[in-house]
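Okay, so here's the structure we're looking at.
The values are calculated or read from the model by the stated rules, or taken from the named source; none is laboratory data. In this text, all values refer to a predicted model and were calculated from it rather than measured experimentally. Virtual Cβ from ideal backbone geometry, glycine too; neighbours counted across all protein chains shown. Quick note on the areas: whole protein, heavy atoms, side chains included, nothing else; ligands and nucleic acids left out. Shrake-Rupley method; radii C 1.70, N 1.55, O 1.52, S 1.80 Å.
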Amino acid sequence: MASYLPRVNKNNTSVLLSVEHEQKLRQWLKKPTSDFKLLFKATANTYNAHEFHRLCDNQGPTITVAYSHSGDVFGGFASVPWRSAGKHVTAPGSFLFNLKSKVRFPLKQQGNASALYDDGAYGPTFGGYDWVSFTGSGMKSSLLGPPHSRVEAQGGRCNIGNIYSPHATDRAVSYEEFGGLEAYGYLAGTFCTDLDYKDIEVYTIRDKPFFMGGRRAEPSPNVPKLRETAWRTMEWTVSTRDELVREVCEYHPLDSTRAPQAQILLLGPAGAGKSSYFNTINSIFRGHVTSQAVTGIAPHSLTTKFRRYEVRSGRGGGALGFRLCDTMGLEDGQGLGVADIPYLLGGNVPDRYQFNPAVSIDPNIPGFKVNPPLAETIHCVTFVIDACAMSVLSQGIVDKIKGLRTKINERGVPTVVMLTKVDEACPEVAKDLSVVYSSALVQEKVKELSGRLGVSVSNILPVKNYATEMELDRRVDILALTALRQMLRFADNYFDDFEEDQDDVEPTDIIHVSTN
């Protein structure tokens, strides 16, 4: 399996396209100073044709790059903008390429009339058929040819997937040259096994002249800078970590609430790091890196059950005064929905409830809890957002988060936001996590997220979860524990408000369901 290392490009966006491959594309385009701006990233925006066109239409010439698990990096250059025209379009100068083998396949001049198939129901489509075609909310992969055998598909205008009839390019091209990938069918919701992509990125290419002393100059790398004065203060000492551990260990809700533990609900897009955050906190109190909750990279959420995770102080130790409640990821058009959140907040959903992405939660689910006590309701909600993907979050996801926040605010539950993967978003932080509060890039991402979601900057907490580490790191622990301490403080605010208002609670404030 190929390993792709994300990097932060000159636009401060985490991408898989390497500097070497970016330079090769500039060479082919004969635009040495062109600027590559990420428009679409499949793992962040989902493999969805409508989302592709929403983000990529009318953005000028584009480069589509696919990354296969076998190690190939290949794609196509569209010399004209996508417009959802619903037809084949002329695109002189468009070409296909394989960056791993450093080969380019120009389209034939006579094939320009059908160089691109520009349809809002399909993803980036080159020639007569599509090589990466996102159909509706599912995904269809037919590498420059329909989902048939190579012999049956040989009539395709741009059938680079076979060696029999490569009509669209200047010379015969084998499928091994292009990427060694073929599609033999259609699978809704996932790629065919022959086309097992790790990710797909789409960039717009714009000329960006640079001038120095009145003369044109090559662009210099835009390395994120560190501020002289940190925008938040933090002591990164062993004593700071130990004090945070002590505070969390000693935390318990007030006895008058009759709630033995604060219930903290984690919400966020698939892959943002909800389950990884629980694993990080669990690791801190176990004394070594653990991985109890399932984590990984996948097109859809790996969390399929509602879990109320307890954290214990050491192996066999007592449970701490909080639970981290993990849920199915937020996805565009599926996954956890706005209609589900009142039942999760109200404590109606049992631990280990199996989510069905196509069906909303209702009182008929197995184990539904009628009129649960305060101890089982949610006392603080934490949205978990990937710093590397936040700029390309689909509008559908953003709207869903805003809809969830409206429901959460109606119940008076406090909200915080965790900004994860800050080390992947900023090279300086990747080198030394303790400069996170001096990073201008991380600060700008916090401000951007605040504006996009309508959350106060002070309630956005940068975090790095344990991912590749084998041993605990004091700096990782301090960030994770600082975020947890804030959640517990917010949960206490909720308990305080509840105690003040408990004599005035209306029946409609709690979900009552008749059992008749």
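Somewhere in the range 91-103, is a residue closer than 17 Å to Ile205 by Cα and open to solvent by 20 Å² or more (accessible area, probe 1.4 Å)? Yes, the range 91-103 has at least one match. Annotation: Pro363 fulfils all but one of (1) open to solvent by 10 Å² or more (accessible area, probe 1.4 Å); (2) assigned to a helix (DSSP H, G or I); (3) in contact (Cβ under 8 Å) with a residue 12 or more places away in the chain; (4) under 24 Å from Val349 (Cα atoms); the unmet one is (2). Restrict the check to the range 51-68 and report whether at least one residue is farther than 15 Å from Val202 by Cβ and in contact (Cβ under 8 Å) with a residue 12 or more places away in the chain. Scanning the range 51-68, I find at least one residue that is farther than 15 Å from Val202 by Cβ and in contact (Cβ under 8 Å) with a residue 12 or more places away in the chain, so the answer is yes. Going by the conditions given, is Phe36 closer than 17 Å to Arg206 by Cβ and not in a loop (DSSP other than H, G, I, E, B)? Here the answer is yes, as Phe36 does meet what is asked.
Residue-wise test of (1) touching a helix residue (DSSP H, G or I) at 6+ places or on another chain (Cβ under 8 Å); (2) under 16 Å from Cys426 (Cα atoms); (3) modelled with pLDDT of 85 or more; (4) not hydrophobic (A, V, I, L, M, F, W, C).
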{"site": "Glu444", "(1), (2), (3), (4)": "no, yes, yes, yes"}
{"site": "Gly451", "(1), (2), (3), (4)": "no, no, yes, yes"}
{"site": "Val457", "(1), (2), (3), (4)": "yes, no, yes, no"}
{"site": "Glu469", "(1), (2), (3), (4)": "yes, no, yes, yes"}
{"site": "Arg475", "(1), (2), (3), (4)": "yes, yes, yes, yes"}
{"site": "Ala480", "(1), (2), (3), (4)": "yes, no, yes, no"}
{"site": "Asp504", "(1), (2), (3), (4)": "no, no, no, yes"}
{"site": "Pro507", "(1), (2), (3), (4)": "no, no, no, yes"}
{"site": "Ser514", "(1), (2), (3), (4)": "no, no, no, yes"}
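For Gly111, the requirement of being part of a loop (DSSP other than H, G, I, E, B), at pLDDT below 55 and either under 24 Å from the mean Cα position of the chain (by Cα) or crowded, with 16+ Cβ neighbours inside 10 Å (or both) is not met.
Just one of the listed residues (Val442, Val398, Val457) is of a type in the set (Val, Ile, Thr) and free of Cβ contacts under 8 Å to residues at least 24 places away in the same chain, and it is Val457. Taken over the range 39-82, the residue count meeting the criterion of being surrounded by 23 or more Cβ atoms within 10 Å (Cβ to Cβ) and part of a loop (DSSP other than H, G, I, E, B) is 3.
Residues that are buried (at least 16 other Cβ atoms within 10 Å of the Cβ) and among the small types (Gly, Ala, Ser) were ranked within the range 292-312; the one that is modelled with the highest pLDDT is Ala293.
Against the test of being modelled with pLDDT under 95 and open to solvent by less than 30 Å² (accessible area, probe 1.4 Å), the options Ala430, Ala425 yield a single qualifying residue, Ala425.
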